[in-house]
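Remarks on the structure that follows.
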Amino acid sequence: MKRTLLHALFLSALSAAYAFAKPPQVLSKTTKGNPNVKAIDVIGFAPQGVLLIGDGQGAQIVAVRTGDLALAQSLTKAIPSIDAKLAGVIGAKADGIEILDLAVNPASGKAYFAIRKQDDKSHLILTVDGKGKISEFSLEKVDYARISLAGGKNSISRVTDVAWADTQLVAAGRSADQFASKIFAINTPLSHDAKGNVYSAETYHVQHRRWETKAPMSVLVPYRENDRQYVIGAFSCTPVVKYPLDALKPDAKVKGSSVLELGSGNRPLDMFTYEKNGRPYVLTNTFRFHHKRKAFGPSPYWTVKFEQGILAEKEKVNEKALWRLKGYDPATDRVQIVEAFHGVRQMDKLGDGHALVLKEEKNGLTLTTLALP
Amino acid sequence: MLRFALLLVTASLAAKQPLPILEIRPMADDPTRVEVVVQSKEGRLSLVLLDEEGHDGPPILGKVRHRGKSMAFIPKYGLGRGLRYRATLLGPNGSRDTATYSVPNLPRSEPAVVKQVYPSASTLPANNLKFYLHFSKPMREGKAIFEQIQILDNGGDPIPHPWRRVELWSHDATRLTLWIHPGRIKKGVNLREDEGPVLHPNHRYVLLVSRKVRNAEGQPLGHSYRKEFVTCNPDYERPLPSKWQISNPGAGTLEPLRIRFPESLDHSLLHRMLTIHDDQAKTVAGELLIGPSETSWSFTPKEPWRPSRHLLRIDHELEDLAGNTPARLFDLDLQAGNLANPVLSLDFSPLQNK
C-alpha cells in the first residue's frame, strides 16, 4: 500500500490536540449498493475505517465505509506462501492471481489486499486478520461515495496512488497513451458523485536538473508541516517532491520542491512516515531494475529510511537537494538502507512500531510484520 | 458430458449408515461454475483446491443454500481450468464424505497472436518513446510481461531493462502500451548516463514478443512476434501542424479529407486528438483512417461536406514518436524560455465543382 500516514512533522501541540479531540469527518453524502468498481489499481485508508479504492478504468475513487473499527491484535505469526493462500480461497493457484496492493486499516489493524483474478479479470478485496484468517470484503452491498476523476480530455487509465490528507483526498493518475501525470484533489468530507479537481504538478527533477510537468508520479503521501498540509510525491527517477496542498487551484499548476534524490534505476513503491524514539522518519520500499548490474541487496526490492527533517528543508531543495549517493557510495547518513526490509514488495504501516510487509521468500511471498527501523 | 458428470464419491470414514450423495455439479455451459450438492440438510460443506500432490488448499469462499431436503455450496468465483478440487461434507456425527472434480482444460481454440505493433514504420527515431502491442484476444496482465518482451540489438542480445515497468493495458486487455524508460531517453538523467540510451541512432533492432506471453486464460501466444526496425537520429522537434498538407474534399461529396504529416505521429492519439468542426463550430461526425507508418490521416464525413469553412482542430498534446507535442518538446527544460505558440487549427473549405 502506499500511504496511511497522517502523522506529521513538527505538528504543533495545539493542532494535534485539536485533531485528537475532533476526528475529521470522512464521508458526508453516501449511497448504498454495489459501486461496480471496474478495476482496482490501488487501495488505501482514510480515518474511521474508510477504504479508498483507486479505479483507473472507471476513472473514479470509491470511498467505502468498512465498519471495521474494532482494534484487534495484529498479525502475530508470519504467513508463508500468502500468495498461494489468498489465491486458494478463490479457487486459484498462486500464479492465477495478482496482488495489486496491500493496505492496513489503521482503525482495526487488519490487512486488506486488492486482488485481480487473472483468468476472468475480476477484482476483489481480501482481508487477513491478526490470526491469519482470510476473508473477503465484499463490495456488493456497501455504503460508499464515488468521486469522479473523469471529464475533459484528462482521461486516465490508471490510478497510481490515493491518499487521505485531512482536508483533501488526493490521487495521482496516468494515461496509457500520453506521457502525462495528473493530480486530483477533492475537498473532504467526501460527498457521493463529487468531482475531483485536476492539477498539473510542476516538479524540479534533481537528476535531470530540469523542471518537469509531465513525469508520471508513482507514490503520494500526505504530510503536515507547521500546520500546513503537503503531499509528498515520488517519481520513477526517484526524486522525492513536496507540494503544498493549499496552493492548489483548479486546472492550475502546483509547483513542488524536490528535497531528496534516492538514485537512478529505482521505482518507489510504498511510502509512509513514522516516529522512532521520538524522531520522525519516512520509510519507502523501491524496485531496483538495475539489480543484476549493481545490487543494493539480495533482492531488487530494497527499502530506505530517511529523516523527515529532509522534507522540511527550505534551502537545500531542487538543484541543491540532498542526494542519497555519490556514485555508489552513501553521501549522507540521514538516508539509510534498511537491510531487514530487503525483499519487501509491498508494505504499510501497522500501528506505531511496525510495518506489515509482503516479502519475497524462496517459496513465494510471506506476510509478516517487521519492526520499524 | 461434463454437464451431467456427477462425481465421485470417495471415502467414508464413518460409514455406519448410508451416506448422502455428495456431488459436484458443473453449471450448464460453464464447467468452471459449479455447485456442491448433498442430499442432506445437515453437516458442513466445503470445497478446496488440490495441489499437485493432492493436498488441500484453504476453504474456498462461497455461499451455502438450503433447498428442501438438500443443501448446496456455491463458490463465489469461477474455478480454474485444468485444476482439481475436492468437496467435503462433514456430518454432524463425525462422518466425512468427499468428492473430487477436475475442471476440463479449455477446448482447443485459436491461440492469441500479436495482430499489430505501432509505430508501424520500420525506421524509428532513436528516442522513440513507446510501442503499442495489439493482441487478438484479452491477455493476462502482470509484471512478467516486462521480461517476456525484449528489444534485441543487432547481435541478437537483449538490451537490459528497456521498459518503464508500469503496466498500461486497454480496458479489454487487448492493447499493451510499453514505454521505453523515459529516464534512458531524457538527456542529463543519471539513468541514461549510467545505462546509456536504449536505442542508438543508425542501428538495427528487433522488438521480440515471446510466446511466453499468455492470454487471459493462461494459454501462450500462437507464435512469437518480431518487429524489425532501424533507428535514425533522435527527434528533437515539435510536430507542428503548420507543416501538414491538407487535401480539400469536394463540397457535397463524401470524399475523405486527407492530411499528410512530415513524420510519423502517435497511433493512439491520432484517434482522438484531431477533430473537424463546421462553420457553426459543431463537430463533424465521420470515420477516420490512419495511413501507413502513421504519416497520414483521413476523415470521411457521415454527411456530405457543406461548402463552407471548416476547421481541423489539433490537441496541443498530440505526440510524435518521441513524445514531442505541438506545444512542447519531450526533452524540455522549462527554464529554457518559451517556444513560439503552435498553430492548433487549420481551416479548409470543401471545393465546389471539384
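The values are calculated or read from the model by the stated rules, or taken from the named source; none is laboratory data. Fair warning: this is a prediction, and the values are worked out from it, not measured in the lab. Every residue, glycine as well, gets a Cβ built from its backbone with ideal geometry; the counts of neighbours run over all protein chains shown.
Annotations
- Some residue of segment B:40-63 being of a type in the set (S, T, N, Q), in a loop (DSSP other than H, G, I, E, B) and either closer than 17 Å to B:ALA99 by Cα or more than 29 Å from the chain's Cα centre (by Cα) (or both): yes
- The single residue among B:ARG108, B:ARG84, B:ARG175 that is under 17 Å from the mean Cα position of the chain (by Cα) and not polar (S, T, N, Q) turns out to be B:ARG175.
- Boolean, B:LEU311 is of a type outside the set (Lys, Arg), in contact with a Ser or Thr (Cβ under 6 Å, 6 or more places away or on another chain), outside any loop (DSSP other than H, G, I, E, B) and in the same structural domain as B:LEU344 (by TED's automatic domain parsing): yes
- Flag for B:LEU351 being within 25 Å of B:ASN128 (Cβ to Cβ) and more than 24 Å from the chain's Cα centre (by Cα): no
- Criterion applied to B:VAL209, B:VAL198, B:VAL213, B:VAL230 was being touching a residue at least 40 places away in the same chain (Cβ under 8 Å), surrounded by fewer than 19 Cβ atoms within 10 Å (Cβ to Cβ) and of a type in the set (A, V, I, L, M, F, W, C), and the one residue passing it is B:VAL230.
- Residue, modelled with the lowest pLDDT, within segment B:237-267, restricted to residues that are hydroxyl-bearing (Ser, Thr, Tyr) and either more than 27 Å from the chain's Cα centre (by Cα) or surrounded by fewer than 21 Cβ atoms within 10 Å (Cβ to Cβ) (or both): B:SER247
- Residue that is away from chain A (no Cβ under 14 Å), modelled with pLDDT of 95 or more and under 30 Å from B:GLY222 (Cα atoms), where the choices are B:LYS130, B:LYS115: B:LYS115
- Filtered residues of segment A:318-347 (kept if touching a Lys or Arg at 6+ places or on another chain (Cβ under 8 Å) and either farther than 27 Å from A:ASP129 by Cβ or of a type outside the set (A, V, I, L, M, F, W, C) (or both)): A:GLU319, A:LEU322, A:TYR328, A:PRO330, A:ALA331, A:THR332, A:VAL335, A:GLN336, A:GLY343, A:ARG345
- Any hit, segment A:126-134, residues being within 22 Å of the chain's Cα centre (by Cα), within 11 Å of chain B (Cβ to nearest Cβ) and buried (at least 19 other Cβ atoms within 10 Å of the Cβ): yes
- Considering only residues in segment B:248-274 that are closer than 24 Å to A:ALA180 by Cα and either free of Cβ contacts under 8 Å to residues at least 40 places away in the same chain or among the basic types (Lys, Arg) (or both), the one that is farthest from the other protein chains (Cβ to nearest Cβ) turns out to be B:PHE261.
- Residue in segment A:209-221 that is more than 26 Å from A:GLN346 (Cβ to Cβ), modelled with pLDDT of 70 or more and either of a type in the set (Asp, Glu) or surrounded by fewer than 21 Cβ atoms within 10 Å (Cβ to Cβ) (or both) present: no
- Among the residues of segment A:138-162, those that are in contact with a strand residue (DSSP E or B) (Cβ under 7 Å, 6 or more places away or on another chain) and within 11 Å of chain B (Cβ to nearest Cβ) comprise A:ASN154, A:ILE156, A:SER157, A:ARG158, A:THR160.
- Count of residues meeting criterion [more than 14 Å from every other protein chain (Cβ to nearest Cβ) and either assigned to a strand (DSSP E or B) or in contact with a Phe, Trp or Tyr (Cβ under 8 Å, 6 or more places away or on another chain) (or both)] in segment B:187-220: 7
- Residue that is nearest to A:ASP120 (Cα to Cα) [pool: residues in segment B:81-94 that are away from chain A (no Cβ under 14 Å) and at pLDDT 90 or above]: B:THR88
- In segment B:42-77, residue nearest to the other protein chains (Cβ to nearest Cβ) [restricted to those that are small (Gly, Ala, Ser) and farther than 18 Å from A:ILE134 by Cα]: B:GLY54
- Considering segment A:98-199, the qualifying strands (runs of 3 or more DSSP E), each wholly inside and each with 1 or more residues that are touching a His at 6+ places or on another chain (Cβ under 8 Å) and modelled with pLDDT of 95 or more, run over A:111-117, A:142-148.
- Criterion applied to A:ASP101, A:ASP95, A:ASP41 was being surrounded by fewer than 19 Cβ atoms within 10 Å (Cβ to Cβ) and among the acidic types (Asp, Glu), and the one residue passing it is A:ASP95.
- Considering residues of segment A:95-126 that are out of contact with any Lys or Arg (no Cβ under 6 Å at 6 or more places or on another chain) and of a type in the set (Asp, Glu) only, the residue nearest to A:MET271 (Cα to Cα): A:ASP101
- Residue selected from segment A:173-202 under the condition of a type in the set (A, V, I, L, M) and within 12 Å of chain B (Cβ to nearest Cβ), by the criterion nearest to B:ALA322 (Cα to Cα): A:ALA180
- Whenever a residue of segment B:301-329 is under 30 Å from B:ILE180 (Cβ atoms) and buried (at least 20 other Cβ atoms within 10 Å of the Cβ), its partners that are modelled with pLDDT of 95 or more and polar (S, T, N, Q), lying with C-beta atoms within less than 6 angstrom and at least six residues away or across chains, give the pairs B:LEU321/B:ASN128; B:LEU321/B:SER264; B:ALA322/B:ASN127.
- Hits in segment A:301-317 (condition: within 16 Å of A:SER257 (Cα to Cα) and either of a type in the set (A, V, I, L, M) or surrounded by fewer than 19 Cβ atoms within 10 Å (Cβ to Cβ) (or both)): A:GLY309, A:ILE310, A:LEU311, A:ALA312, A:GLU313, A:LYS314, A:GLU315, A:LYS316, A:VAL317
- Within segment A:84-107, the residues that satisfy the criterion of being touching a residue at least 40 places away in the same chain (Cβ under 8 Å) and more than 7 Å from every other protein chain (Cβ to nearest Cβ) are A:ALA84, A:LEU86, A:ALA94, A:ILE99, A:LEU100, A:ASP101, A:LEU102, A:ALA103, A:VAL104, A:ASN105, A:PRO106, A:ALA107.
- Tabulated pairs, segment A:298-322, first without any contact (Cβ under 8 Å) to a residue 40 or more places away in the chain, second among the basic types (Lys, Arg), C-beta under 8 angstrom, 6+ apart or interchain: A:PRO300/A:ARG288; A:GLU307/A:ARG279; A:GLU307/A:ARG334
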